[in-house]
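Read-outs: derived from the displayed coordinates by stated rules, not from any lab. Since the model is a prediction, treat every value here as computed from it, not as a measurement. Ideal geometry is used to build each Cβ from the backbone, glycine not excepted, and the neighbour counts take in all protein chains shown.
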Amino acid sequence: MTGLVMQQSPHGTLFLWPDHWHVVGRLMPNRPHRHISASWLVGLDGCFRIRVDGHWRMTRAVLVAPDVEQSLEPGDTRMWCAQLDPDSRYWRSLCHLLEERSWVEVSHSVEELDSIADMGCAGVHEALLNILQALGERPEPLDDRVQQVCGLLRAELPERIQVASLAASVGLSPSRLSHLFRQQVGVPLRRFLLHLKVNQVLAHWERGKTVSQLALDAGFYDQPHFVRTARDMFDALPSEYVTTGWFNVCRCGLSSSP
C-alpha cells in the first residue's frame, strides 16, 4: 500500500476515549496480533473473516476477549471495531457472553448500525451503550485494590512496572497483587501498562509526527520497543494509518488535544 494511495481521502474515523476507542470505516487486512483490550467487531455491509483460536471464520459480529491472538480480513465491508479496555465497565458488562471462551459470535441485529459510519462521537458512543443495554449485564466491580492500581498506572504511565512498590501502596504482597490483577483484569500488569502507553500514542497521533516522537510522547524507553509493541498489538504502526491520513481522528473523551 503506497504513500500515494494512503494520502487519498480518509477511509474511516478513529474515535478516542480514555478507556475505549473505535474505528469505523474500511480496515486493512492484518496478520496475527493481540490487543490487550477486548475487541467488538461488526461488519457494517456484510460478513468478514476473522482468525481466532487458530481457525478462520465468516461472521457478521464477534466479541473477542482481551489478549487473544486474532487476524482480520474485512474484505469489502466497512467495519465497526471497538476496543474496550480490560478494566472498563464496557468490557465487564459484555464479558459474560463469552462464558469462559476466548471469543463468541454475537446474535444481534446489525443492519440498523449501518448509519454509524456517518455518526460523530456522541452517536458512536450511543451505539455502544445500545449494545450494552441489549446484550450486557450489570458489571461486577473490580477489587478496590486492583482499581486503585489501574488508576495509578493510568495517571503516572511509569517507564516500567515496579510491582513491589505498587503492591505496597495497596497493602498486598507482589505475588498476590500480580495474581489478583491477572485474575480480575485478564492480562498481566506489564501488558496492561503497555496497553496504556499505546493508548497514549493514539491520543497523540497526528499527521506528520515521526514514530520516534510518538514513542517519546507515550513514555516508551526507545523507538524499537514501541515498534515491537505496536506490531504485537495491531500488526501496524501509527504511520500506516493516521499519520498518513488513512483515518480521521476524533478525540472524543480526552480532556485536551496534543
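Listed values, structure above:
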item: Volume of the Cα convex hull of the range 173-229, divided per residue and given in Å³; result: 86 Å³
item: Extreme residue, positive dipole direction of the chain, given options V249, V42, G219 (C-beta unit charges); result: G219
item: Cα Rg, Dmax, the chain, angstrom units; result: 17.9, 55
item: Per the chain, cysteines lacking a partner by the 4.7 Å Cβ criterion; result: C47, C81, C95, C150, C250
item: Compactness of the range 140-250 as Cα Rg over 2.2 N^0.38 Å, two decimals; result: 1.18
item: Electrostatic dipole magnitude of the chain [Cβ: Lys, Arg +1; Asp, Glu -1; Cα centre; debye, to 20]; result: 620 debye
item: Farthest positive-ward along the chain dipole, Cα basis, beta-carbon charges - from L202, Q162, T13; result: Q162
item: If the convex hull is drawn through the Cα atoms of the range 114-185, its volume per residue in Å³; result: 139 Å³
item: Translational diffusion coefficient (Stokes-Einstein; Kirkwood radius from C-alpha pairs) of the range 11-147 at 4 °C, 1.567 mPa s, in µm²/s; result: 86 µm²/s
